Structures are given as C-alpha cells and as structure tokens.
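Below is one structure, written out as structure tokens; comments come after it.
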Amino acid sequence: MEPLNALIVLLNFVIVPATAYGAQLALGALGVTLIYGILRFSNFAHGDTMAFGAMATILFTWFLQGAGVTFGPLPTALLALPVGIAATAALVLITDRAVYKFYRAQKAAPVIYVIASLGVMFIMNGLVRFIIGPNDQRFADGERFIISVRTFKAMTGLDEGLAIRTSQGITLVVAIIAVALLFWFLNKTRTGKSMRAFSDNEDLALLSGINPERVVMVTWLLVAALTTVAGVLYGLDKSFKPFTYFQLLLPIFAAAIVGGLGNPLGAIAGGFVIAFSEVGVTYAFKKVLGYLLPETLKPDGLVQLLSTDYKFAVSFVILVIVLLIRPTGLFRGKSL
Amino acid sequence: MSEENAYQTKRGAKDATIVNPRPGLTLDPVSEGGVAIPAPGGPYLIGDKMTGGYGKGADILHDCTLAVEEGEIAVIVGPNGAGKSTAMKAVFGMLNVREGAVRLNGEDITALTPQARVAKGMAFVPQTSNIFTSMTVEENLEMGAFLRKDDISGTMEQVYELFPILREKRRQHAGELSGGQRQQVAVGRALMTQPKVLMLDEPTAGVSPIVMDELFDRIIEVARTGISILMVEQNARQALQIADKGYVLVQGRNAFTDTGKALLANPEVRKSFLGG
Amino acid sequence: MSNVNMKNILLFAFVGLLIIGTGFVQSWNVALTIFNMGLVSAIMALGVNMQWGYAGLFNVGVMGFVALGGLAAVLVSMPPVGEAWAVGGVRMLLALVMGAATIVFAILVYQRMPSGRARGLIVTAIIVVGFFVYRFVFDPAKVSIEAVNPASTGYLGGMNLPVILSWPVGGLLAAGVAWVIGKTALGLRSDYLAIATLGIAEIVIAVLKNEDWLARGVKNVIGLPRPVPYEIDLQNSQSFVDRMSAIGADPVTASSITVKLSYAGLFAVVLLIILWLAQMALNSPWGRMMRAIRDNETAAEAMGKDVKKRHLHIFVIGSAVCGIAGAMMTTLDGQLTPGTYQPLRFTFLIWVMVIVGGSGNNWGAVLGGFLIYFLWIQVEPMGLILMDFITAGLPDGSALKEHLLDSAAHMRLLTMGLILLLVLRFSPRGLIPEK
C-alpha cells in the first residue's frame, strides 16, 4: 500500500492544487493572449481587471447572501458571476472608449497601448481598493469539500487522505466550460472567425468588410468574461485580496508567453506548465519519498527544492528556459 | 522623437513580450462617413482624372484615368514605379484622391470606405499578404463572404469548380499551400462577395509560367460570367493579349490607352514597354 | 543645455513652488522630506529614461534594481557579525561560489557542445547535480548563521565601511544583475526584456525577504550608519544650540532640518553629476548613435552597428543608476525593509515620472521625478480634504462616510493613473519633450 499512499499524498498536495491553479492561470493567460492577438499589446491592467471582476461578483454575492439567496452546496458566487461579468464588460468597454479608441484612430504604436495600460492599471487598482478596500475578503459559502480527508480515509482505509475542495472542483468544471465555449466561439461562429481573420491580417480583414471596431468590442467582452471567471475562481480557491491579483500578472504573463503569445492553446498549456512547476518545485517531497524509499534511504530534510516564497522564481526560470530553447513559445504561430 | 506622430514611436517595438510584431493596419483607407452620390452615365467603373498620394505625402497619380466596362478585362501595365498599384488602390478607396472621382454603376463613390465599396460589389486582391495564412481554405472563402447575409454555399461551390484544387485542400491552412494555390485562394476569397468588379494587383507575381497561364485562363473564365476585371500586370505582353482595354501608365500619368490588341501592335509601346 | 527655455524654467519653478508651499503650509520637515525623495526619484527616473528614452528598452523591473541598491547599503555599512562569520561564513561563500560555478559550467558546456539530445541531458545533469551539491553546502551554513542571535543579527553583517561607499557599490550590484538579464533577454530574434525584468524584480525581493543570512529578511536591518550627523548629537552640541538660538530657531526642529538639508546637499551633488554625465552622453556621438538605433534599428544594423551590444550597455548603465538611487534611498531611510518594496511604487510610479516628464529628455525625467513624487505624497491629504468636503453632509458614523474617508488613501493610485493617461494622450512627448 505504500506506493498508493505516496500517490495519494502527491495528489493531495501537488496534483489537485496545481490543476486548480493551472486552470485559473490558463483563464487569465487566455485573456492576455486574446488582447495580444487582436490589439497587439500586453495588457498590464489584466490582473487588476481580474480583481475588479472578482470584486463586482463578491459585492453581488454579498447582496444575494443578504437577501437569503444561496446556491445549495455550491458557492453563491457562481450565481453572481453573470452580474460580475456584466459589470466588468461595462468597465472594459468604457475604458476602451475613453482610452484605447483614441490611439487606434491615431494608428499608435502598440507600445503606446502598453503605457496606457499602465495608467489603466493604476486606476483600476485604485478603484478596487477604493470600493472594497485592500484587505482580504471572504465570500465562499456552500459545501467546503467534495471529499474530505476523513471521508476519503474511511472510504479507502488508506493511511493518507485526499481532500478535494469544492472550489477546486468548480474551478476545473467552470474552466473547462469556459475554454470549450471560447474555442467553439473562435472556430465555429462567424464573429469568432472574423476575430481570427483580424488577428491574422488586418488589411485583408478590412478588404473583406470585417469591421475592426466590432472585432475589438467582442474581444473586450470575451476578456471581461475570462478575467471575471478567472478572478472569481482564484478568489474562491485562495482568497480575495486586490494586491494578490496584481501579483498574478507575472505568472499569467509567463503562462501566456511560455505557451506562445497570441495562441489560445498555448495559453492553456502555459498555465498548467507554470502551475505544476510552481507547486512541484516548492513542495516538500519528504512524505512522498518516505513512502517510496526503503527505511535506510528515508530523507532527513524536507526535500523541498525551493521555499514557497520563490514560486515567482520558478515561473521565471521556466519562462527563460522555454524562450531560450523555443523563442516563440511552446506553440508556434502568432495568431488566434 | 523624430517622427511626426508622437503616438507612432518606435521605442519598445522589438520586445515581443509586450508588443505583437504583427503589422497592424498598413492601409490608409478613406475615413467613414462618406456617401455615394448618383452620377449616371459613363463606363461601369471609372477612376476619372485621379490625382493623389499616400497620407500627406507628394502626389503619385496625376490626372490618371482607368475604366472598365461590364464583363471586360482592363489591364494596367507600365514600368516599375509608374503608380500602377497606387492607381488600383485609389480606385478602391485606399488612399486619398485629392482631385478627380471614382464612379461605379452610375454612382459617385469617391467618398466611400473600402468596406462600403465591397458592399457595392467591388472586390480587391492585394499583391501580397492576400490570404489569411492561419485559417483553412474554406474559412478564407467564408471570410470573403463576411458581408453577405444569404446562403454562401452556392458561391463556394462555384469557386471550387473554378479552382478544383481548393476543394481538395479546403480543410488545410492556407499558409501551407504553394504559391499558385495561394493565389487561387486569394482570388476565390474575393469572388465570394459575388462582386461585379474584381480588381487584381499582379495576380501572377512569383508563380511559375505554367501556373501563370492557368491563372490567366481562370481570369478569362471569370470575366465571361459578366464580372468586370481590372488588373495590374507585370507580364505586359501576355496580359494585353487577354485584355479588352489596356492602360500604359508612366509616372502616374496615362501614357497610352487603347484596346489590348492595338497596344500590342503599337510600335512605340512595343519598343518602350514590351521589349521590342 | 539648450533645453533650458522659458517654459521649462517655469515648469521647474512651479514644482519648486509646490515644495516651498508645502514648507509654508505644512512644515519644512515635510517639504524637505519630499525634496529629498524627489532627488532620489529624479535619479531613478534618469536611469529609466536612459533605457526607455534613449534606447527604447522597456524595463519593468526597476524595483529590483532599487532593492539591490538597498542591499548594497546594508552590505557596505553594517558592522560584520563575527560570530556568524565564524560559524558559517566561509562555508556560505564556498556555497555561493559553487552555485555560480555550476551555472557558468553549464553555460560553457551548452556553448561548446553541438546541439542535440546529449547536450540537453548533460547540461540538465550538471544543473541538477550542481544544485544538490550547492544545497548540501549551503543549507548548514544558512542554518548556523541564522541561529546566531536571531533577534538582533542572525546574518553575516556588512563591511563596516562608510555608507556613502554603498552608493557606487549599489550601482555595481545592479549593473551586474542587469548584465546577466540583458545577456539572456536581449537580442534573440526579438527581445523579452519586459517579462524578464518583471520576473527578476520579484525574485530580488523574494531573495531579500527570505535569505535571512544575507540581510535579515523580513526582520529588517535597522540603524544603518549615516553619512550625516544625528539629530540628537546636534541637540547636544552647545555650539549648534547657540547658533540656532541666535537666529531664533527651536533647536529640535532645527536639528532635524539640518540633517535633512545635509542629505539634500549630498543627493543634489549626486543628481547633478549623473545629470551632467547623462547630458554629455546624450549629446555625444554615442548618444546620437543610440537614438539612431532606436529610431531605425534595421538601418543601424545595416550600417554595421552592433545593436544588441549597444542595448546591453545602455540597459546596464540605466540599471546601475537605479541601483545608486536605491542605495541612496536606503541610506536616507536608515533601514532596509524588504516588505515595503511594491512594484506599483518602485517600478510603475517611476514610469509615470518618465512618461510625464518627457521620454528621452533628462530634464524631463528630473522634473517628472520631483512632480510625481510630490503628488504621490500630497494627493493623500488632498484626497482626505476632498472626502471631508464631500461627506460633510453625511451624518457622522454613517457607514458610507466612514468608508469614503477610509478610502481616501487610495485616491493617489487613481490620480497617478489619471495623470499618466492625460499626459500620454494630450502631450505624448511629456512636459519637456525630447528635441
């Protein structure tokens, strides 16, 4: 039973959490990659857009909770998600009209958009802190576990337990649905195809009668949905704190770049690569090895490659290695 | 910054982690808001005494006139830098025409955007970057028909009949095709709007002589269905052979205008532009 | 220096008035605090301006270089902890050398061997083995050093040298790290400097927070020696008290102002030297070439310019300037507190300074540094006044009123964003544009 116990420990502490985290990063990276593909710049305000979407959802969740509305064993936040998406969509569309549209008319260089996104980042960051404050907010409710350590042990009779939190299960399910919808939209609908055409060749898209402003608007709507979903899932899984979302920018960018910026499949792969390396490298493997190795070889130390505080370092090193070997990222091709 | 427009800085352009190296919109289309004005009479499509250039730059076209009748083939030839492509772009609304007018089917369309001209029945095949390389052949054709709200399967069938190879490759990415096949995709995409006028900018550039003959045959076939064709060609002799009308441009001006056969027979044209 | 025209003089006079006004309205202590940090900010902005303004390099890791400067201040000025050196100093040095040697060896093998599976395996093996050997040597050293009197030391300490020396050392430290980043992130088919600097800045902060043996981590190093007198010594000096009384000043206030003025003097000298060098460089053939490369890289490359090398140079120099400023800031604070390094404050705010001041113009960067830092500090009280005004009609103790008053602190983020967007839109070349 020892190898089985080792596997359960690994599942419990590495694979399950990393899968949930990877799905959250993938959703974030998809948003970054869409903007990069269509509007041709990396949006530094992305983390703060996620924070805004999560905040809007949280506020409405509180309202629902206050009104006595719940979602049974599932978190109420899922019910509030559409409202959060709508609020975020309104915010990014207003931002586009007020900030980015002008630069499109000027045919500005993409780097100007990057700098503008720094300004937007400051404003959104301030806005979120202004409305909800800089502190941790709790909004998860419903059943905490799909399966708890105790139930698992009772069920299997193993020494080690496996816990799967509701938030982790929901993250995966929601992420799969969101990604499936996105790919269906991009590959099967006329509007989605016109977005891909636009990101492939703007001149020819214009000659085909595709309206650039409409493509941009649809992009922002998709980004609003993706960021809000990513932000809420992350908040449910960990906790909501504006600053943490700002810091997610690095792993999200890293995921998008590792996968190949502008490529949605790459963004998903990148999200999981980054998440699994972060969790794997900073996990103490003592227990796992303890089950696998013979008594005499059991490790004394934690067998932790790096302390958890170095998780950013891991994203970064993975990124550099990938770029050195494949400068265009894991998935080549610069279009959606 | 030395550039005129401070928003078009070159800083940071090489950093692919913040800036997508793909070129954005390179065209300088007529801006939105213009309307078509009725102007009856005259040829089916005419760029009449056009003068203009790119942006605020110097004029490239001077009093240049191009026209094509329904179902005819008009060919523009001339030396390098004569403004052949520029003249085509002017007709399609992709640069500012300062003087002169463009009229289509009894309407003055000078103020219309390129998209609006597409809606009016014009289609344009650029010389380069004329396909969506990351999309399948079929998706390229679908994008050609983007403005249409009706059933496009019939038109797609016609394109496949005209270019049978495309039917075979319809699920392949257009970027994986050979040069000649790409040109077929490009022409096919333009035909998907069911245009009245098809404008081609050097459709045979960079393809082998056999493929070139094949393409010319197809173009004649298209013209026989009643579509007017206005094209720029580098291979002047061959193009003029199939042309109902030929325009020889020199430095943005009309140098010779006549039927294709007459131009081929004109000793001066032969000497200067057809290599004897 | 022909940039100095009437409009620019007025802009500088305006910022000067803002600071002097603070002196009259609030206090001279506050005004001088703003002025001193304005000097430091101006130097940081100069560093970023060299990279972005001259060469068009997008560095979003300013925070990391600033923090490295701060580290230098500790390593240079603090007294060494003898006991810690005795229990693990040599072993720690050995570990670091071995770690570095592993990386260098891996790189050499990578460069020498033909590409293929074998190379990948060998390089990976070198790194993995090297890592475990490094940890084998490193871990005991770390544990024993950190066990030495952890409440007050628990680290190796510094070199007990004058703290001013840490300013150039901070520059060198930042330059060294910048060289490594630039070497890897510049000049593949395209650059990936932005993400590289974003990442390295977070790593530098993570190292500072976690490597207690180096600079005590989040336990902070406090009480750094000063390059200027202490207030308490001035207050105890009879001649100082007499002189101050003679001009009718309160000795306590006067002592703190004297200290701040001394810092201001030192910082101003550094700023002027760097500004002078930057102006010389910008107007030299080297500076012209830099701008030529920026505006047309292809042409410059065709003319045989080694673009990658030039970019590496400017990136290293700009980062060094940020490192110098970082060491100065830590000297001014008298302590290194890794927890206070935030990207918004130390990376993106510097960017606001450069963009608002004028990309590519050194005077613009200096102006931006002072102006934006002033606003960064003063928007908060102004926001509070504004909120007081807005909420005046609301009953005391109402939840909305309290929330709005509490939130006034976040107004400055909003304001900074707004200023950046307004300047970028209506004056994209900044307040003092490049010629």
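Across the range A:2-245, the relative contact order, built from alpha-carbon pairs under 8 Å that are at least six residues apart, equals 37 percent. The spacing between the range C:16-58 and the range C:192-236, judged by their C-alpha centroids, is 20 Å.
Between A:Ala154, A:Val173, A:Leu91, the Cα set farthest toward the positive side of the dipole of the range A:57-185 (charges on each charged residue's Cβ, about the Cα centre) is that of A:Leu91. Across chain C, C-alpha contacts under 8 Å between residues 6 or more apart give a mean separation that, scaled by the residue count, equals a relative contact order of 30 percent. Look at the alpha carbon pairs under 8 Å that are at least 6 residues apart: their mean separation over the length of the range C:1-121 gives a relative contact order of 8 percent.
Placing unit charges on the Cβ atoms of the charged side chains and taking the dipole of chain B about its Cα centre, the candidate lying farthest along the positive direction among B:Ile220, B:Ser153, B:Pro21 is B:Pro21.
Entry note, chain B: the mean residue ellipticity at 222 nm calculated from DSSP H runs of n ≥ 4, each adding -39500 (n - 2.57), is -8500 deg cm²/dmol after division by the residues and rounding to the nearest 500.
Here the spin labels are modelled as points 7 Å beyond Cα on the Cα-Cβ line, and at B:Arg98 and A:Ala98 they lie 4.1 nm apart. Once you reduce the range C:325-369 and the range A:16-80 to the center of their Cα atoms, the two points are 32 Å from each other.
So for C:Leu234, A:Leu221, C:Leu424, fewest C-beta neighbours within 10 Å to most, what's the order?
Working: C:Leu234 20, A:Leu221 16, C:Leu424 25.
The order, fewest Cβ neighbours first, is A:Leu221, C:Leu234, C:Leu424.
Of C:Tyr110, C:Tyr54, C:Tyr263, the residue with the greatest mean-square motion in the GNM of chain C, using alpha carbon springs below 10 Å, is C:Tyr110. For the range B:194-269 versus the range B:75-102, the inter-centroid distance based on Cα atoms is 15 Å.
If packing is taken as the average number of other Cβ atoms within 10 Å across a peptide's residues, how do C:153-163, C:68-78 rank, most packed first? Walk me through the numbers before you get to the answer.
Values: C:153-163: 19.1, C:68-78: 28.1.
So the order, starting with the most tightly packed, is C:68-78, C:153-163.
Where does the range B:1-112 land on the Kirkwood hydrodynamic radius, alpha-carbon pairs, in angstrom?
16.2 Å
Taking amide H as placed 1.01 Å from N in the peptide plane, B:Ala39 has its amide H under 5 Å from the amide H of B:Glu107, B:Asp108, each at least 5 places away in sequence or on another chain.
Report, ordered by chain and residue number, the aspartates and glutamates lying within cross-link reach of A:Lys311, taken as a straight Cα distance under 12 Å and ignoring same-chain residues fewer than 8 apart. Output for A:Lys311: A:Glu278, C:Glu202.
The trypsin sites (Lys or Arg not before Pro) of the range C:201-260 include none that DSSP puts in a loop with a beta carbon having at most 12 other beta carbons within 10 Å.
In terms of distances greater than 30 angstrom between alpha carbons, the cross-link table entries A:Lys107/C:Lys435; B:Lys10/B:Lys49; A:Lys153/A:Lys298; A:Lys193/B:Lys49; A:Lys238/C:Lys183; B:Lys56/B:Lys149 yield B:Lys10/B:Lys49; A:Lys193/B:Lys49; A:Lys238/C:Lys183; B:Lys56/B:Lys149. In chain A, the longest principal axis of the Cα atoms and the axis of helix A:249-259 are about 90 degrees apart. According to the square roots a ≥ b ≥ c of the eigenvalues of the Cα gyration tensor, what is the shape class of the range C:208-352, taking rounded for a/c under 1.5, prolate for a/b larger than b/c otherwise, and oblate for the remainder? Note, shape of the range C:208-352 comes out oblate.
Could you list C:Arg119, A:Arg129 so that the one with the fewest beta carbons within 10 Å of its beta carbon is first and the one with the most is last? Numbers along the way, then the final one.
Details: C:Arg119 15, A:Arg129 22.
If I rank by nearby Cβ atoms, fewest first, I get C:Arg119, A:Arg129.
With no solvent and one equal point scatterer placed on each C-alpha of the range B:145-192, evaluate the Debye formula and give log10 I(q)/I(0) for q = 0.13, 0.26 Å⁻¹, two decimals. Here log10 of I(q) over I(0) equals -0.28, -1.00.
Largest first and in whole Å, the equivalent-ellipsoid semi-axes of the protein assembly as shown read 57, 37, 29, each the square root of five times a Cα gyration tensor eigenvalue. Using Cβ point charges alone (K and R +1, D and E -1), the dipole size of the protein assembly as shown about the Cα centre works out to roughly 1140 debye.
Taking 2.2 N^0.38 Å as the expected size of a compact globular protein, what ratio does the Cα radius of gyration of the range C:333-435 give against it, to two decimals? Each step should come with its number before you reach the end.
Numbers: Rg = 16.7 Å, N = 103, 2.2 N^0.38 = 12.8 Å.
Dividing the Cα radius of gyration by 2.2 N^0.38 Å gives 1.31.
The antiparallel fraction among DSSP beta bridges confined to the protein assembly as shown stands at about 65%. Residues A:Phe145, C:Phe138, arranged from fewest to most other Cβ atoms within 10 angstrom of their Cβ, appear as A:Phe145, C:Phe138. When the charge dipole of the protein assembly as shown is built from unit charges on Cβ atoms (+1 for Lys and Arg, -1 for Asp and Glu) and taken about the Cα centre, the candidate among C:Leu272, A:Gly47, A:Leu59 whose Cα reaches farthest toward its positive end is C:Leu272. Over chain A, DSSP H runs of length four or greater, each weighted -39,500 (n - 2.57), average out per residue to a 222 nm ellipticity of -22500 deg cm²/dmol.
A helix-only calculation puts chain C at -24000 deg cm²/dmol for mean residue ellipticity at 222 nm, using -39500 (n - 2.57) for each DSSP H run of at least four residues, averaged over all residues.
Distant-in-sequence amide contacts of A:Phe145, defined by a placed amide H-H separation under 5 Å and a gap of 5 or more residues or a different chain, comprise A:Thr166. Mean-square fluctuation check for chain C, GNM, Cα pairs under 10 Å: which of C:Pro229, C:Pro395, C:Pro140 is largest? Of the options given, C:Pro395 has the highest mean-square fluctuation.
Only Cα sites of chain C enter the Debye sum here, all with the same form factor; the resulting log10 I(q)/I(0) across q = 0.07, 0.11, 0.13, 0.14 1/Å is -0.42, -0.97, -1.25, -1.35, listed in q order.
Phi angles across the range C:108-118 convert, under the Karplus curve 6.51 cos²θ - 1.76 cosθ + 1.60 with θ = phi - 60°, into 3J(HN,Hα) values of 4, 4, 4, 6, 7, 7, x, 5, x, 5, 4 Hz, Gly and Pro given as x. Comparing mean-square fluctuations of A:Met55, A:Met217, A:Met155 from a GNM of chain A with C-alpha springs under 10 Å, the top value falls on A:Met155.
Spread over its residues, the convex hull of the C-alpha atoms of the range A:2-245 is 144 Å³ per residue.
Per the Kirkwood definition applied to all pairs of different Cα atoms, how many angstroms is the hydrodynamic radius of the range C:81-156? It would help to have the intermediate numbers written out before the result.
Details: mean 1/r = 0.0729 Å⁻¹.
When all Cα pairs of the range C:81-156 are included, the Kirkwood radius is 13.7 Å.
Laboratory data are not the source of any read-out in this text; all were calculated from the coordinates shown. Note that the structure is predicted; figures quoted are calculated from it, not measured. Counting neighbours? That spans all protein chains shown, and the Cβs are built from the backbone with ideal geometry, glycine included.
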